[in-house]
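Okay, structure first, notes after.
The values are calculated or read from the model by the stated rules, or taken from the named source; none is laboratory data. The structure presented is a predicted model; accordingly, all values stated were derived computationally and were not measured. Every residue, glycine as well, gets a Cβ built from its backbone with ideal geometry; the counts of neighbours run over all protein chains shown. Accessible surface is based on the protein model in full, side chains and every heavy atom, while ligands, DNA and RNA are left aside. Shrake-Rupley method; radii C 1.70, N 1.55, O 1.52, S 1.80 Å.
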Amino acid sequence: GTDTGPIRPPVVARAVRDDGVGWVPPMPSQRPEPVDVEVLYRELESRGYGYSPAFRLVSHIEREGSVFRSEVQAPRADESWAPALDACVHATLLGFEGLMLPFMWKNVRLDRTTLATDRLLVTSEVFGDSVVRLQCRTPEGRVVFSVDEIEFRPAAQIRPALERVEWHRILRAQDVEP
């Protein structure tokens, strides 16, 4: 795929709605640019992401600057939601360079009452160097899954910490002098 480079939009403060939905995605302001789904997965594979067919659930993508809109196939009733929720961030990964992994999630909301759907309409926005806002809705507009912030970090920063075992001595109360 073609390298579009890093997206570094200005950081814009947004109010959190009091209805529990959190971040409200921006409305389209110009013509979104379509992104070929096959190009998405070839690009991600070239960066080191190894998504099997079970996780390649994105069926449509549009990009407008730092905002990505995608359609993700939802699982059947007898399937796990893990691949679909993972696929919700796939389009957004085009907003970064290299292999980036989600490191910290803030204000995650999952509405289990809206899980009976066949597809998710996902809007995500990259802001700053490594943060994403995400919202997934049913075709009827009900919010299924939203995250106010997902902080991504380069895999090279995370892997050493995951591969290293450190033991720390924990002091018991009786071992500490008053």
* Could you give me the residue pairs with C-beta distances under 6 Å whose first residue belongs to the range 38-65 and is open to solvent by 50 Å² or more (accessible area, probe 1.4 Å) and modelled with pLDDT under 95, whose second residue is in a helix (DSSP H, G or I) and acidic (Asp, Glu) wherever it lies, and which are 6+ apart or on separate chains? => Phe55/Asp86
* Structure fact -> Val108 passes all but one of the listed conditions (1) without any contact (Cβ under 8 Å) to a residue 12 or more places away in the chain; (2) exposed (fewer than 15 other Cβ atoms within 10 Å of the Cβ); the exception is number (1)
* Can you work out which of the residues in the range 135-150 that are within 20 Å of Gly65 (Cβ to Cβ) and of a type in the set (D, E, K, R) is most open to solvent (accessible area, probe 1.4 Å)? => Glu149
* Structure fact -> Condition set crowded, with 18+ Cβ neighbours inside 10 Å and hydroxyl-bearing (Ser, Thr, Tyr), scope the range 66-98, selection farthest from Ile158 (Cα to Cα): answer is Ser70
* Selected residue [within 12 Å of Ser70 (Cβ to Cβ), without any contact (Cβ under 8 Å) to a residue 60 or more places away in the chain, assigned to a strand (DSSP E or B) and open to solvent by less than 40 Å² (accessible area, probe 1.4 Å)] from Val132, Val122 -> Val122
* Asked: Does Arg76 qualify as being of a type in the set (D, E, K, R), in contact with an Asp or Glu (Cβ under 7 Å, 6 or more places away or on another chain) and not in a helix (DSSP H, G or I)?
  -> no
